[in-house]
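Comments concern the structure below.
Every number here is computed from the coordinates shown, using simple stated rules; none is lab data. This structure is a prediction, so every number in the text was calculated from the model and none was measured. Methodologically, a virtual Cβ is constructed for each residue, glycine included, from the backbone with ideal geometry; neighbour enumeration extends over all protein chains shown.
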């Protein structure tokens, strides 16, 4: 809890467009932010595919655009570096100034970070929910 604000932590294990898990994560996160909660999302396993820049789903909820809105509203979105690297998202080293790994393929709204980012979310969250499994 920061400054009396309750924080919702969310972990996404499943890829967007393969199920509605990513849709639900984004809709819950946006609603929580609108209600005054802090929101921290961690993308893990195939959930890291939600960070792909330039996704243009015609018949589906646009998860990438939703993640950008969440970040604009103050939500924090981190993605596991090992999962991201294994799936081709990490194309640069660690940027100390920005405290993230570099990627030309990921949304600017998402910070590729070590698994310790999830530990921080667990520590800071008043409530933690997960979607999917690995």
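Given the choices [x] 26, 14, 13; [y] 21, 18, 14; [z] 39, 18, 12, semi-axes √(5λ) of the Cα gyration tensor in Å derived from the coordinates of this structure is entry [y]. Result for the chain in a Gaussian network model with C-alpha springs under 10 Å: among 22, 50, 32, the largest mean-square fluctuation is at 32. Taking the number of Cβ atoms within 10 Å of each Cβ as an exposure proxy, the fewest-first ranking of 12, 33 is 33, 12. Descending by average beta-carbon neighbour count within 10 Å, the peptides 37-46, 123-132 line up as 37-46, 123-132, the highest first. Quick one: among 64, 18, 117, which has the greatest mean-square fluctuation in a GNM of the chain with alpha-carbon springs under 10 angstrom? In this elastic network of the chain, the residue with the biggest mean-square fluctuation among 64, 18, 117 is 18. In the range 70-134, Cα pairs under 8 Å separated by at least six residues give a relative contact order of 32 percent.
I want the antiparallel fraction of DSSP beta bridges within the range 7-131, as a percent rounded to 5. Show your work: numbers first, answer last.
On the way: 4 of 24 bridges.
Around 15 percent of the beta bridges assigned by DSSP in the range 7-131 are antiparallel ones.
For the range 33-79, the convex hull drawn through the C-alpha positions has a volume of 79 cubic angstrom per residue.
Per the helix-only calculation at 222 nm, which mean residue ellipticity applies to the chain, given -39500 (n - 2.57) for every DSSP H run of n ≥ 4 and division by its residues, nearest 500 deg cm²/dmol? Walk me through the numbers on the way to the answer.
Working: 4 runs with 39 residues, N = 134.
Rounded to the nearest 500, the figure is -8500 deg cm²/dmol.
Report relative contact order for the range 7-131 in percent, whole number only (criteria: Cα-Cα under 8 Å, sequence separation at least 6). Walk me through the numbers on the way to the answer.
Details: 242 pairs, mean separation 41.3, N = 125.
It rounds to 33 percent for the range 7-131.
Could you work out how much longer the chain between residue 24 and residue 116 gets when fully extended? Use 0.36 nm per residue separation minus the Cα distance between them, nm to one decimal. Don't skip to the end; give the middle numbers.
Details: separation 92, 0.36 × 92 = 33.12 nm, distance 2.42 nm.
Using 0.36 nm per residue and subtracting the Cα-Cα distance, I get 30.7 nm.
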